[in-house]
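J.: I'd like to ask you about the structure that follows.
The values are calculated or read from the model by the stated rules, or taken from the named source; none is laboratory data. What you see is a predicted model; the values in this text were computed from it and never measured. Glycine gets a Cβ as well: all are built from the backbone with ideal geometry, and neighbour counts include every protein chain shown. Each accessible area value is taken on the protein alone, full model and side chains, heavy atoms only, with ligands, DNA and RNA left out. Shrake-Rupley method; radii C 1.70, N 1.55, O 1.52, S 1.80 Å.
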Amino acid sequence: MNPQENAELLAALMRQEELLKQLVASINKPKLGLHSEAGSCKIYCNRQHGGLWYTLNGEPSDVPQTALTGYLKELRFENTERRKKETCKFLITMQADRTYILESGYDTHFSKCILAAIATLTPEQLYSPITLQPQPGTTDENVLFCRVWVNSELIMASYNEQTEWREISKQAIAVTKAANEMAF
């Protein structure tokens, strides 16, 4: 390349970088005016109230949408009290039109599906939005699975009784953290 072509290429790249910065700034702006989306939205992922997942605003409210697409921000385990018993929950934080926090039992199929799938991904794959799609079990009406999609590709990750969940969890959490630390 000659110096003129280098200068033109550099100028084009700088214009693209500026447009990208403007796009990111517009995406990160809060909604203005009246709306019902302040704060985060917690979604409980189980079939306890007739649907696949639900929110609690006093009363359980079924979430009619069949999938959530957004950026995976965090995977974590949290000890909490439910029905006067100490229990461990698995929390998935997704950033979409707002922050969504999905909660499931730490040892449910829903949690295991997500952990197994995310553990197989690279940070670069998690840099793109993912889609979580709850799937009801076919033989047990209490079982809830979760399909994980990246760029319209279903991530297939099997598990069984011998799966080392502590290692799978560590890998999934590490990949998620690495994806969120990547420079934009």
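J.: Select from the stretch 135-184 the residues that are of a type outside the set (S, T, N, Q), over 16 Å from Cys113 (Cα atoms) and in a loop (DSSP other than H, G, I, E, B) and list them in ascending order.
T.: Pass one, the stretch 135-184, residues of a type outside the set (S, T, N, Q): 136-137, 140-141, 143-150, 153-157, 159, 161, 164-168, 170, 172-175, 177-179, 181-184.
In the following step, the residues that additionally are over 16 Å from Cys113 (Cα atoms) were identified as 140-141, 174, 177-179, 181-184.
Answer for the stretch 135-184, where residues must be of a type outside the set (S, T, N, Q), over 16 Å from Cys113 (Cα atoms) and in a loop (DSSP other than H, G, I, E, B): Asp140, Glu141, Met182, Ala183, Phe184.
J.: Which residues, taken from the stretch 33-58, are open to solvent by less than 60 Å² (accessible area, probe 1.4 Å), modelled with pLDDT of 80 or more and farther than 24 Å from Glu141 by Cα?
T.: Cys41
J.: Hey, another quick one. Check the stretch 150-161 and report whether any residue there is open to solvent by 40 Å² or more (accessible area, probe 1.4 Å) and under 16 Å from Gly70 (Cβ atoms).
T.: Scanning the stretch 150-161 turns up at least one residue that is open to solvent by 40 Å² or more (accessible area, probe 1.4 Å) and under 16 Å from Gly70 (Cβ atoms).
J.: Exactly one condition in (1) modelled with pLDDT under 90; (2) closer than 21 Å to Trp149 by Cβ; (3) open to solvent by 90 Å² or more (accessible area, probe 1.4 Å) is false for Lys73; which is it?
T.: Every condition holds for Lys73 apart from (1).
J.: From the list Thr80, Thr87, pick out the single residue that is assigned to a strand (DSSP E or B), without any contact (Cβ under 8 Å) to a residue 12 or more places away in the chain and over 17 Å from the mean Cα position of the chain (by Cα).
T.: Thr80
J.: Say whether the condition of being surrounded by fewer than 16 Cβ atoms within 10 Å (Cβ to Cβ), among the β-branched types (Val, Ile, Thr) and modelled with pLDDT under 90 is met by at least one residue in the stretch 107-129.
T.: No: the stretch 107-129 contains no residue that is surrounded by fewer than 16 Cβ atoms within 10 Å (Cβ to Cβ), among the β-branched types (Val, Ile, Thr) and modelled with pLDDT under 90.
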